[in-house]
Amino acid sequence: MTDAAVKRVALVTGASRGIGASVALALAKQGRKVVLLARNQEKLNEVAKAITDIGGEASTLTCDIADGAALAAAVERVAEEQGRLDILVNNAGITRDGLLLRMSDEQFDEVISTNLRSVFIACRTALRPMMRGKFGRIVNIGSVAGLVGNAGQANYAAAKAGVIGLTRTIAKEMAPKGITANVVAPGFIQTDMTDVLPQAIKDSVQKITPAGRFGQPEEIAAAVAYLTSDEAGYVNGQVLAVDGGMTMA
């Protein structure tokens, strides 16, 4: 069954701003019914309005992804209310930066729980309705930090590296069921999180990035839009770095 024959339902976490909002908008432009999930209802409403303003379909769910039980219930609710769940984009995450020697157990555990455990729970819950529909596209938003590490982000880099291993395992287990799982690993993207970086750091990032600039959320969204399409059915277990060439081998 092709995209044209069915209205795919997509769930995007962390959809209230930045990359998540851009991903949700891109999927809506493809004709997906998009469910937006985040903690901030007001911001979710703004994204939902942007989608409906272009003729798309969107609904919202508030949830703290660090609460595993609440996240699983939210994913189940989407599948139940929509009658299907075809696409899952795990984008939500946090940072608790600090040098390894000064990083507390709590800082490490909080990032692992929010950025890795939540992805595991959301994927595990979404797989059953995907299997029933005999179609699924999972895209987990990683980071170049998960590929090459990053000073001051031991917790974040470990979580994102874990996302890669988790995603590739899902890809191997679920390929016979018509379900793919891939990772998009952004480099430095212009968002609220990077806007607050000191100018000296911004300058250094641009120097080590062959493209010579920060990426835009829409460029991540374009990669996700392809990987969640019917045409990407033979792309599985891959890590697509969208980083301006920063991590090229």
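The values are calculated or read from the model by the stated rules, or taken from the named source; none is laboratory data. Just so it is clear, the model here is predicted, and its values are computed rather than measured. FYI the Cβ positions are ideal-geometry reconstructions off the backbone, even for glycines, and counts take in every protein chain you see.
Quick notes on this structure:
- Output for the stretch 223-247, where each listed residue is outside any loop (DSSP other than H, G, I, E, B) and in contact (Cβ under 8 Å) with a residue 24 or more places away in the chain: Ala223, Val224, Ala225, Leu227, Asp230, Ala232, Val239, Leu240, Ala241, Val242
- Flag for Thr95 being out of contact with any helix residue (DSSP H, G or I) (no Cβ under 6 Å at 6 or more places or on another chain) and closer than 29 Å to Phe188 by Cα: no
- A single member of Ala200, Ala154, Ala175, Ala158 is modelled with pLDDT under 95 and farther than 25 Å from Ser22 by Cα, and it is Ala200.
- Single residue of Ala28, Ala74 found to be under 28 Å from Gln216 (Cβ atoms), surrounded by 16 or more Cβ atoms within 10 Å (Cβ to Cβ) and at pLDDT 95 or above: Ala28
- Leu88 being crowded, with 24+ Cβ neighbours inside 10 Å, at pLDDT 95 or above, under 18 Å from the mean Cα position of the chain (by Cα) and among the hydrophobic types (A, V, I, L, M, F, W, C): yes
- Positions within the stretch 120-157 being closer than 18 Å to Ala241 by Cβ and part of a helix (DSSP H, G or I), in sequence order: Ala145, Gly146, Leu147, Val148, Tyr156, Ala157
- Put simply, of Lys160, Lys172, Lys202, Lys177 the only residue that is under 16 Å from the mean Cα position of the chain (by Cα) and charged (D, E, K, R) is Lys160.
- Subset of the stretch 114-145 (residues that are more than 12 Å from the chain's Cα centre (by Cα) and polar (S, T, N, Q)): Thr114, Thr125
- Among the residues of the stretch 207-239, those that are in contact with a Phe, Trp or Tyr (Cβ under 9 Å, 6 or more places away or on another chain) and surrounded by 18 or more Cβ atoms within 10 Å (Cβ to Cβ) comprise Thr209, Phe214, Gly215.
- Condition met for Ala58 (touching a residue at least 40 places away in the same chain (Cβ under 8 Å) and either within 13 Å of the chain's Cα centre (by Cα) or more than 19 Å from Pro186 (Cβ to Cβ) (or both)): no
- Residue in the stretch 34-45 that is surrounded by fewer than 16 Cβ atoms within 10 Å (Cβ to Cβ), closer than 14 Å to Ala92 by Cα and in contact (Cβ under 8 Å) with a residue 12 or more places away in the chain present: yes
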